[in-house]
Structures are given as C-alpha cells and as structure tokens.
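Here the structure is laid out as structure tokens; the discussion comes afterwards.
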Amino acid sequence: MDQPIRMKNNGQINIVLSGEKRRTQIKEPPVREIQEKDFPVQHIALKEIEEEMGALVGMEEMKRMIKEVYAWIYVNKKREERGLKAGRQALHMMFKGNPGTGKTTVARLIGKLFQKMDVLSKGHLIEAERADLVGEYIGHTAQKTRDLIKKALGGILFIDEAYSLGRGGEKDFGKEAIDTLVKHMEDRQHEFILILAGYSREMDYFLTLNPGLHSRFPLVVDFPDYSVDQLLEISRLMLSEREYIMNGDAERKLREHLYVIKSYRSLTSFSNGRYIRNVLEKSIRVQSMRLLMEDSYERNDLLTLRSQDLVFPEDEE
C-alpha cells in the first residue's frame, strides 16, 4: 500500500492516502475480481465485514479501500513471517462530509475489522465531541484528552465536528486538546486509531491549526451527499427493518420532495440519511394516528404508509 489511492469511479467516495508521491505503474493484465466464495477460510473476518457493509447504500469506494487496507496488513504479516521488512503504518483517519453520510457507521465497522485482524486489541469505538476534550482551566484540557485516549486504547477514538476544537481563538483551550492529540497520535500510534470527522471546508482549515496534524492522517476519506435514488433506497431499507412499506403515491411524494429540498437547501444543512430517518419516524406516528381515527387495523393497513402520512419538517414550520 505504498501508492496513493484516488478512487473516483462512481463519484460516491474519494479516498486519498496522503503524504506519498505517486510512482510510475506498469500496466498489468486485468485480474478477475475476487468473489466472496473465492476467499480462503482465513479471510473470514473480511467476509463478515463485507456482509455488514453490503447493507450500506453506496460507499463502493469505501468498501474497496477497506479491502485494500486489509490486504496490505495481511501481506505485511506474511512478509514478517518470512523475515522480510514489514513496516508498520499509522492508520489514523479523517472523514470529511455532511451529517448523515455514514461516517460513524463506517468507523464502527472499521473497529470491528481491525479487531478481527489483531490490529486493535479491543476494536471498540469511543465517540467524543469538543465538550469531552476541552476543560475549563489551564491543565484541565490536557488531562481530559489523555483520559479519553486512555479509554480508547485498543480501539478507535472518533471525534465528530473536530474543527470546533479550533474555533475559540487564542485564549481557548481547544488548541491544547489538539496539541495533546497530536503528541499521543505519535507516541501511541499503534495502540489506538484516531478518526476526526466534520464538514470538508472546516476540516481543511482545522488541519492548518497544528503543523503536525496533516502528516499524521494517511487516510483521508470524503463522504459525498447521497443522491435522491440512494436516499429512496435508504428509506426502503429503514422501513423494511421496521416492517413497513410505502405505497406508490407515498414514494412519488417523497421523491419529489427530495428533489426540491436538495435543489434549494444549503448542502451543509441537509442531513442525508438522518433526514430520511426523521421523516419516516414522524410519518409512522402520523399513520398510527390515522389508523386510530379510522379504527382500521388490517395487516395491509398496518404495513403501509400512504402519501397523506408523509409529513416533512418544512411543512411544520
């Protein structure tokens, strides 16, 4: 894995392994893509993670990146067994994108995979935000940050909206948290994985706040917004998990609404999958009230959301 990865096949995910120059590649004959049935039994961990990621909408390039990281780690272990050099690489990551694009879900899956591969001893995920790191007086922040890192050892420390650590100005303690993170990313780089997440533009600025930050994130992942078709697929999956369906009129209403809202809403204010979840949960409550008033509880009625059940946040403003 000593080459940058710049994946743009379908526009859904960009992966950039930063900090290394591209080398000239010799074009090899195409290799048949390995199917799940072809994986040797020792790769059962990867198969299990692939099955979990298969339930996620989109993210094809993220799935490919996870396979490549798995292959790199596995082959390095084989090199070590045969007395060859097997350099270890820090696997700290930065996730850039809007809310509801799957960043936390992917972080959890990565934790599971790396635990199965013995990269992480526990594979657990510690989720944190600014308030969990920044203290109220001198010295408090560094201690809070060290304590959080200690809890994350053997797993992943996931900090959402990480750019908020740099918003308080010169006298704010957020910079102390950043400095402490940078030090421990180096000192304990193979004992835990740090994943910072946030909006793309804000995260680009965040990287300028400490000269050591940028070089410590070899994996930078962009999470684009979902398309309307993908959001509809997400809605079907969410409803299926709850044993609901939408009739044709309801699905058309949702599709038209999504086209409208994505055309006029600012990209950073649209929460993608989270928006869909909120709409569906509200619509299920509206459907329940309708059925109660109609005194109608046939199986099909209980299963089906109709167009009149779909209520959007904008309708309530």
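Summary table
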| item | result |
| --- | --- |
| In nm, spacing of pseudo-spin labels at Glu52 and Met289 (7 Å Cα→C-beta vector) | 3.8 |
| Extended-chain gain in nm, criterion 0.36 nm per residue less alpha-carbon gap, Ile138 and Lys78 | 16.9 nm |
| Accessible area (Å², 1.4 Å probe, nearest 10) - Thr145 | 0 |
| Interchain or long-range residues, amide H under 5 Å from Tyr226's placed H | none |
| Net lengthening on full extension, Ala131/Lys150 (0.36 nm per residue, minus Cα-Cα) | 5.2 nm |
| Percent RCO, i.e. relative contact order, over segment 132-282, from Cα pairs under 8 Å lying at least 6 residues apart | 19 |
| Packing rank of 96-105, 236-245, where each peptide gets the mean count of other beta carbons within 10 Å, highest leading | 96-105, 236-245 |
| With every protein chain in place, segment 140-294: carbon and sulfur % of accessible area (1.4 Å) | 51 |
| Charge tally in the Cβ shell below 12 Å around Gln115, where Lys, Arg are +1 and Asp, Glu are -1, Gln115 excluded | +2 |
| Highest-first arrangement of 184-190, 135-141, where packing means the average Cβ count within 10 Å | 184-190, 135-141 |
| Too-long pairs where the Cα-Cα distance tops 29 Å, listed order kept, from Lys112/Lys144; Lys122/Lys262; Lys183/Lys262; Lys175/Lys282; Lys85/Lys151; Lys47/Lys78 | Lys122/Lys262; Lys183/Lys262; Lys175/Lys282; Lys85/Lys151 |
| Exposure of Glu294 as accessible area (Å², to 10), given a probe of 1.4 Å and all protein chains | 90 |
| Vicinal HN-Hα couplings computed from phi for segment 280-293 (Karplus, 6.51 cos²θ - 1.76 cosθ + 1.60; Hz; Gly/Pro x) | 5, 5, 5, 5, 5, 5, 5, 4, 4, 5, 4, 5, 5, 5 |
| Cβ crowding within 10 Å averaged over residues, with 148-157, 250-259 ranked highest first | 148-157, 250-259 |
| Accessible area expressed per residue, segment 198-317, with surrounding protein chains retained (probe 1.4 Å, Å²) | 56 |
| Sequence-separation-based contact order of segment 210-317, relative, with Cα cut under 8 Å and 6+ spacing, percent | 36 |
| Hz values of 3J(HN,Hα) by residue in segment 57-73 - Karplus curve (6.51, -1.76, 1.60), Gly and Pro given as x | 7, x, 6, 4, 6, 5, 4, 5, 4, 4, 4, 5, 5, 4, 4, 4, 5 |
| Residues Ser121 and Ser240, FRET efficiency given R0 of 45 Å [Cβ-Cβ distance, rounded to 0.05] | 0.80 |
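The values are calculated or read from the model by the stated rules, or taken from the named source; none is laboratory data. Please read these numbers as outputs of a predicted model, since none were measured by experiment. Every residue, glycine among them, receives a Cβ derived from its backbone with ideal geometry; neighbour counts consider all protein chains shown. These accessible areas exclude ligands, DNA and RNA; they are computed on the full protein's heavy atoms, side chains included. Shrake-Rupley method; radii C 1.70, N 1.55, O 1.52, S 1.80 Å.
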